[in-house]
1. What does the C-alpha gyration tensor say about the overall shape of segment 312-632? Classify as rounded when a/c is under 1.5, otherwise prolate if a/b is larger than b/c, or oblate.
2. Sum up the charges of everything whose Cβ sits under 14 Å from the Cβ of Asp556, counting Lys and Arg as +1 and Asp and Glu as -1, but leave Asp556 out.
3. May I ask you to sort Arg334, Arg79, Arg214 by Cβ crowding, counting other Cβ atoms within 10 Å and putting the fewest first?
4. Fewest Cβ neighbours within 10 Å first, please rank His440, His327 accordingly.
5. Using label points projected 7 Å from each Cα along Cα→Cβ, tell me how many nm separate Glu267 and Asp557, to one decimal.
6. To the nearest 10 degrees, how steeply does helix 56-70 sit against the main Cα axis of the chain, on a 0 to 90 scale?
7. Based on other C-beta atoms within 10 Å, arrange Trp285, Trp549, Trp461 from fewest to most.
8. By how many nm would the segment from Glu187 to Gln625 lengthen if fully extended, with 0.36 nm per residue of separation less the alpha-carbon distance?
Amino acid sequence: MDSHQPRRRRARIAAPAVLVAAATAVASSAAAAPPRPAGPPDLGSDVVVLDPSMSTDEIQETFDEIHARQVDAEMGTDRYSLLFLPGEYGSAEDPLQIQVGYYTEVAGLGASPSDVTIHGKIETYNRCLSDDPANPNCIALVNFWRTLSNLTLDIEAAGQDGCRASANFWAVSQAVSVRRVDVRAGEGDPAFSLMDYCTAGPQYASGGFIADSRFGDVINGSQQQWLTRNSEVRSWSNAVWNQVFAGVEGAPDDATFPDPPYTTLDETPLSREKPYLHVDDDGRWAVRVPSAHEGTRGITWADGETPGRTVPLSDFYVASPDDSVQHINSQLARGKHLLLTPGVYDVARTIEVRRAGTVVLGMGHATLTAVDGAVPMRVADRPGIVVAGVTIDAGTEESPVLLQVGGDRRGDGHAWGRSGRGELDPITLSDVYFRVGGPHVGRTDVALQIDADDVLVDHTWVWRGDHGVEGFTEGVNGDTERWRTNTGRNGVVVNGDRVTATGLFVEHFQEHNTIWNGEDGRVVLYQNELPYDPPTQADWTEPDGTLGWAGYKVGDDVRTHELWGGGVYVFNQNNPSIVTENGFEVPQTEGVRLNHVMTVNLSAGTIRHVVNGVGGQVDNTNTGQPAYVVSYP
């Protein structure tokens, strides 16, 4: 991204004749395009703005062409943001059938989800990873990196036959969010299914996130873990290992945990919805920045506009992957907010977010890739900073950290998490994802380090890749290569006090995946897979001789901490004889409490205990059967 870096060349999709990209006409005959509202600054060719005057066929063609590019592009570099201007799209007679692939954001541009209505479906199906017709291996376990938000989805007249008519399929795993979506379906109409049961098996899915949304009937199906926060559901069926609800109207009761394994909080301890783009009736573009609240329940838009502030798009610097970090930092220093348009940004020096209240919003899974061991982003310890919709990748030279929050404390004990007026205004990370390895070799010491107090992490996936392009060849030798080449010691390290995480997914790091040293921490859903690839037990043994590193470690001196709904999974496919002593390790004190935690063997390796020597062993004799601890201590 710096000027001395080679520019990435990426194939561009050819736009249909009346497609609007970045709200500027790219039609073969501009004069033939219908009048449209005044557009924003140029958002680049990977932002596609759809207009209700377009025909259903034209919109369908646009989505079909992008999906064809992205359906198998798990390690690709293209990024897309497809945005609907306020209005209605499709109809009961001619519904849209939209499918969403990798690195694709689909969002409405209204002030409320009701301002954009899609008649039809928006779906993600299983990927079949084998060419063997007898064993096609159709799963959703790697359906990552996609976003659906801020619209109404009318699936009552789905326009499909057979099995596909039974549900809107959203078969996804980590790094996928559904926010501000109103699914319209009457009782007995198609459900919203988090698995694709119409494709050949095994149909597994693993993880995801819903917030500030309203649903009819939801089928959880094979989802191993899921967080639904501040939403409404008419019904929810099925639970596998780790299903968590916080502030959800209609959530299932958890009184008989672990049968079924539901974890239900009446209210979310702390919440702040993700910022979103919208266009008003006069065609003015802006970003709505929701405010933070404690003890919340239900959707924010039931009685009108989501509480918060509106920032005109003119107050943002609109960045592209060709911009230098020096220029971006100069714009931030001038008081601009930052909008990252879709693409892959090579970052050889740190993006510094220093000003209180600054908003950094990524579109279409905008990705910052570390170059020459850089720290891609630092966020100062200032109230109200929001970073949302950004993916951060490790580069081939080791970075000390990929995102550092805080580290510039005044030292006077001031709690930066509240503004000078005493209002709740935490630093917030929403849909911020991390990747170490995958499309290329990746190396970092720590992915996310939080040194500030009063921080909210609202949905993150922190992933040291278990598969990918380089350093991931098949077999034991390939796994040994990965262990030495794609390196990451810890996924998340929290040193600040009063940090809250809602939806913390951390996987495959080479020591403790998560270390929590700050006081008064709160986590609503924690999901972890231990690394697949330690070559030997010696590689997976702590210096004091403890077998393995717990997936979740609360510092020995911490006196107050609480977790609701946590799981640590083991799949030591490189060496199934490897043993981990505990999934969770915490100080044994009344103020540190774990609620509804479990471990499970996925087919290789052993975890002897759930937490601190408590809870049964999981190994190859009880594959897929979790060991649960209802509460600890």
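None of the figures in this text is laboratory data; all of them are computed from the coordinates on show. Here the structure is a predicted model, which means the values were calculated and not measured. Using ideal geometry, Cβ is built from the backbone for each residue, glycine included, and neighbour counts are taken over all protein chains shown.
1. Working: a/c = 2.33, a/b = 1.37, b/c = 1.70.
Verdict is oblate for segment 312-632.
2. Charge balance near Asp556 sits at -3.
3. Arg334, Arg214, Arg79
4. His327, His440
5. 3.2 nm
6. Roughly 30 degrees between the two axes.
7. Starting with the residue having the fewest Cβ neighbours, the order is Trp285, Trp549, Trp461.
8. Fully extending the segment from Glu187 to Gln625 adds 154.3 nm.
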